Amino acid sequence: MKPSRLLPLCTLLSAALSLAAQPRYDLAQMQAERLGRGVLAVRTSRDSVAVQWRLLRSDAPQTAFHVYRDGRRITEQPLGQSTFFRDALPAARSAAYEVRPVAGGEELPGGRGTAYLPPDAPTGYIEIPLDRPAGGRTPDGQEYSYTPNDATLADTDGDGEMELILKWDPTNSKDNSQGGYTGNVYVDCYELLPAPQPAAGRRLWRIDLGRNIRAGAHYTQLTAYDFDGDGSAELVLKTADGTRDALGQAIGDSAADWRNRQGRVLEGPEYLTVFSGRDGRALRTAGYIPARGEIDGWGDDYGNRCDRFLAAVACLDGVHPSFVLCRGYYTRTVLAAFRWDGQEILPQWVFDTDDPQWNAYAGQGNHNLRVADVDGDGRDEIIYGSMAVDHDGTGLYNTRLGHGDALHLTAFSPDSPALQVWACHENRRDGSTFREAATGKVLFRLPSDADVGRCMAADIDPGSRGVEMWSSRSGGLRSPDGRLLAADVRLPINMALWWDGDLLRELLDGTTISKYNPQKRATFPLLRAEGCKSNNGTKATPCLAADMAGDWREEVLLRTETDDALRLYVTPHSTPYRFVTFLQDPVYRLSVATQNVGYNQPSEPGFYFGPDAAPQQ
């Protein structure tokens, strides 16, 4: 049983850091992002401000921190127990906060970070004003406008802090199963955090994907990362004739219109373009792989299955990040891996279920994927629904459990660094399954004759060891050994995050963050984001939820009801713990990169995180 009280900081810190540094990856060899201090300053009440910052893997264990406001030190002693500080600051006052690392009683010249609090700062969140695209009218006369949709993180300017890359969806976006014209898709880059000049929300650039890229959850995936190691990220997108980069330069034939009478794009060239994160300029364009080919080769004759796209970032050689572009999952499935060396798009491999040796892998994909080194060779594999593709583009295993809508990958047990997969299935047979990520061996199955569309995994119960899991047909809350912990409990099932300062995870559904009470077998709200909306219909997901800045807790990015701004909600809760930022765990970082892909899933680390990481007291 877990103790109800918090465990000693030093014990938990050493346990979590040692688990995070499991020899799954050679971190000294792997190309890593150069993260800054990520300082956040958010008003928590009329007279209080919460200041948070990152603990980095490069910080020595004994590193402490001083906090300065407007050049004056406001910490009496260096802070060594958490990376959170509460400052008394009257309302309507602006402030510039600086965090300085301290070692051996001396402030260090490097590793510092700053945050700006504007005089009109709202309570609980940072407002990011948006430049909403103008609406339009389709060829059949239907009017549409725009809403902010999925987002991802990348350091586009090389300063060590993350920017936001945001997809704008027209209000007439379509599922692939539906006919009809859609408006153009736009991709913007914005500053994430406030600064005196320019203000937060300053748009850095915009890409117009043009009339020949259809709008919908399955068409455009945001793949952003520093692929060539120059310090600033690139963005990889599927493009087409008429796509315009942020400088207004057209890709292909700007006059071409390949839409048919149903608004689908089933003819014409398809491209892959690498864009500069610094200015949104198209750096290189090539033919898109996997190619469309014959429409009926994907399972239908009207273009539904052929245009199901996924994408991922993966470290396939143990050193360099690659981007993996994927097409199809109901029937034929193709994954293609590439590297970007700063000059050229370099093909690595193609996995195609039309290849006779991989025929049995057809139809196993999800509406999402996960990336991790699951077999311990230091190189990433792609968990593609019910199957896995090895780092070299060969099939690793195939469970033949078929297609599903949700997928979770992490270390569920504090007793082993091994990764597992919790998934749900549409085959009206297997229901929900828990399997070894390395081999596909099913550890337990909860059969169902229903289409099980949702499942979730999070350590929410202090009375059970390890990560709990549940689905729409799991019969309640389950432990990693399949035991039923709470029958028929009704729990949110869309997203999860670390929010309130203890080591259990909280649940995010729509615009409400809630915490599970195991005694009452119910949840209670911690935050209701008034004035905001969630995305993607019944999926009710945020634009992004991740450890974007600040300490190890996660932030939530939501759109406002007026669709003209985003709000970055930041935890107001203090915590006695500090941990290296989750962004420096490779599995977590790559799950952030793929959170926007298809049906969004919560970010998850490649190690067990929770109270059970520490020895019992």
query: Which value in nm describes the separation of the simple spin-label points at GLN31 and ASN359, placed 7 Å from the Cα toward the beta carbon?
result: 3.8 nm
- line: Env charge @ THR63, Cβ radius under 15 Å, K,R +1 / D,E -1, value +2
Out-of-range pairs (alpha-carbon distance over 24 Å; input LYS167/LYS238; LYS441/LYS515; LYS174/LYS515; LYS167/LYS515): LYS441/LYS515; LYS174/LYS515; LYS167/LYS515
- request: Determine by what factor the alpha-carbon radius of gyration of the range 298-349 differs from 2.2 N^0.38 Å, reporting the quotient.
  value: 1.35
field: Estimated [θ] at 222 nm from DSSP helical runs (n ≥ 4, -39500 (n - 2.57)) normalised by residues in the chain, nearest 500
entry: -1000 deg cm²/dmol
message: Given R₀ = 25 Å, what would the calculated FRET efficiency be for ARG400 paired with GLN178, taking r from the Cβ atoms and rounding to 0.05?
response: 0.25
Alpha-carbon Debye profile of the chain, log10 I(q)/I(0) at 0.09, 0.10, 0.12, 0.13 Å⁻¹: -0.68, -0.86, -1.28, -1.51
statement: Pseudo-spin-label distance PHE524 to GLN262, built 7 Å along Cα→Cβ, given in nm, is 5.2 nm
message: How long are the semi-axes of the equivalent ellipsoid of the range 353-429, defined as square roots of 5 times the Cα gyration tensor eigenvalues? Whole Å, largest first.
response: 21, 17, 9
- line: So the carbon and sulfur contribution to the accessible area of the range 304-409, 1.4 Å probe, in percent, is 43 percent
- request: With an 8 Å cut-off on Cα pairs and a minimum separation of 6 or more residues, tell me the relative contact order of the chain in percent.
  value: 14 percent
Within the range 45-116, GluC sites (Glu not before Pro) in DSSP loop having at most 11 other beta-carbon neighbours inside 10 Å: GLU76
statement: Length gained, THR562-SER574, 0.36 nm per residue minus C-alpha separation, equals 1.2 nm
message: Students often get this wrong: which residues of the range 168-199 have the backbone nitrogen under 20 Å from the point 7 angstrom along Cα-to-C-beta of ASP300?
response: 172-183
message: Need the full-extension length gain, ALA291 to ARG445, defined as separation in residues times 0.36 nm minus the C-alpha distance. One decimal, nm.
response: 51.8 nm
query: Mind listing the Cα extents of the range 66-219 along all three principal axes, in Å, largest one first?
result: 69, 32, 25
query: With every protein chain left in place, what is the accessible area per residue of the chain in square angstrom, probe 1.4 Å?
result: 35 Å²
- request: Please give the contour-minus-distance gain from ASP47 to ASP341: 0.36 nm per residue of separation, less the Cα-Cα distance, rounded to one decimal in nm.
  value: 100.9 nm
- prompt: Which value in nm describes the separation of the simple spin-label points at ASP279 and ASP481, placed 7 Å from the Cα toward the beta carbon?
  reply: 6.1 nm
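The values are calculated or read from the model by the stated rules, or taken from the named source; none is laboratory data. If you're wondering where the values come from, they're calculated on a predicted model, not measured in any experiment. So basically every Cβ, Gly included, is an ideal-geometry build from the backbone, and we count neighbours across all protein chains shown. Surface areas here come from the heavy atoms of the whole protein model, side chains and all, with no ligands, DNA or RNA. Shrake-Rupley method; radii C 1.70, N 1.55, O 1.52, S 1.80 Å.
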